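The block underneath contains the structure these notes are about, expressed in structure tokens.
The values are calculated or read from the model by the stated rules, or taken from the named source; none is laboratory data. Note that this is a predicted model, so its numbers are computed, not measured. Glycine also receives a Cβ, built like all others from the backbone with ideal geometry; neighbour counts cover every protein chain displayed.
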Amino acid sequence: MAWLDKLARACAVLAGVLLALITLLTCASVVGRNLLDTAMAGDFELTSAATGIAVALCLPWCQLRHGNITVDFFTDRASSRTVAKLNRLACFLVATAMAVLTWRTTMGCVSAWNSHSGSMLLGFPDWAVYAGMVPPMLLTGAIAMWQAVQGPATRTDGLPL
């Protein structure tokens, strides 16, 4: 699990870097448009591409830390054993969903590569965005499957991470 943790941390850091670059790009675009009367062509295309990749890069860390929203209303009175089994089932379902998303994103990447599709202004290749999303989705699925098999990790106070 240590190597999954390191990869998830690296993805989270990379997502932060991308989000910082998006912020700088947006600031430069707004300042250029409003103060210098010059527009930055394709800034929204780069922003949308980087945002899609950044969101995908956040998924592994979220799954590793059990950061997904859970509704414990129905399990509030259940035994800890039942809750653990349900958590493992949920992890398995996340792993399955991530496998499907990874597969379909990979197929989208191949399709975009074959059709040479790109953004309207800059011609930024669509396949690059898909390709940037596949590894973190695959990692998220691997983490979720590990959690489904091994059971959720807990902190020293017994609560989930």
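The table for this structure:
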{"read-out": "Selection status of LEU35, on the phi < 0 side of the Ramachandran plot and at pLDDT 95 or above", "value": "no"}
{"read-out": "Hits in segment 45-62 (condition: over 18 Å from SER119 (Cβ atoms) and touching a Leu at 6+ places or on another chain (Cβ under 6 Å))", "value": "LEU57, PRO60"}
{"read-out": "Residue tally, condition closer than 30 Å to THR106 by Cβ, out of contact with any helix residue (DSSP H, G or I) (no Cβ under 6 Å at 6 or more places or on another chain) and not hydroxyl-bearing (Ser, Thr, Tyr), over segment 56-79", "value": "6"}
{"read-out": "Some residue of segment 1-20 being farther than 27 Å from ILE143 by Cα and either free of Cβ contacts under 8 Å to residues at least 40 places away in the same chain or surrounded by 14 or more Cβ atoms within 10 Å (Cβ to Cβ) (or both)", "value": "no"}
{"read-out": "Residue count, segment 75-92 (criterion: at pLDDT 85 or above and part of a loop (DSSP other than H, G, I, E, B))", "value": "3"}
{"read-out": "Looking only at segment 93-112, and only at residues there that are hydroxyl-bearing (Ser, Thr, Tyr) and buried (at least 17 other Cβ atoms within 10 Å of the Cβ), the one that is farthest from GLN147 (Cα to Cα)", "value": "THR105"}
{"read-out": "Test: residue in segment 1-10 that is modelled with pLDDT under 90 and part of a helix (DSSP H, G or I)", "value": "yes"}
{"read-out": "Residues that are part of a loop (DSSP other than H, G, I, E, B) and at negative phi, drawn from segment 47-74", "value": "ARG65, GLY67, ASN68, ILE69, THR70, VAL71, ASP72, PHE73, PHE74"}
{"read-out": "Tabulated pairs, segment 92-113, first over 17 Å from VAL55 (Cα atoms), second of a type in the set (A, V, I, L, M) and not in a helix (DSSP H, G or I), C-beta under 9 angstrom, 6+ apart or interchain", "value": "none"}
{"read-out": "So SER115, is it exposed (fewer than 13 other Cβ atoms within 10 Å of the Cβ) and among the hydroxyl-bearing types (Ser, Thr, Tyr)", "value": "yes"}
{"read-out": "Single residue of segment 23-54 satisfying the filter (within 26 Å of the chain's Cα centre (by Cα) and in contact (Cβ under 8 Å) with a residue 60 or more places away in the chain) that is farthest from MET133 (Cα to Cα)", "value": "GLY42"}
{"read-out": "Meets criteria (among the small types (Gly, Ala, Ser), closer than 16 Å to CYS11 by Cβ and surrounded by 12 or more Cβ atoms within 10 Å (Cβ to Cβ)) for ALA90", "value": "no"}
{"read-out": "Residue check for PHE74: out of contact with any Gly (no Cβ under 6 Å at 6 or more places or on another chain), more than 25 Å from GLY132 (Cβ to Cβ) and surrounded by 15 or more Cβ atoms within 10 Å (Cβ to Cβ)", "value": "no"}
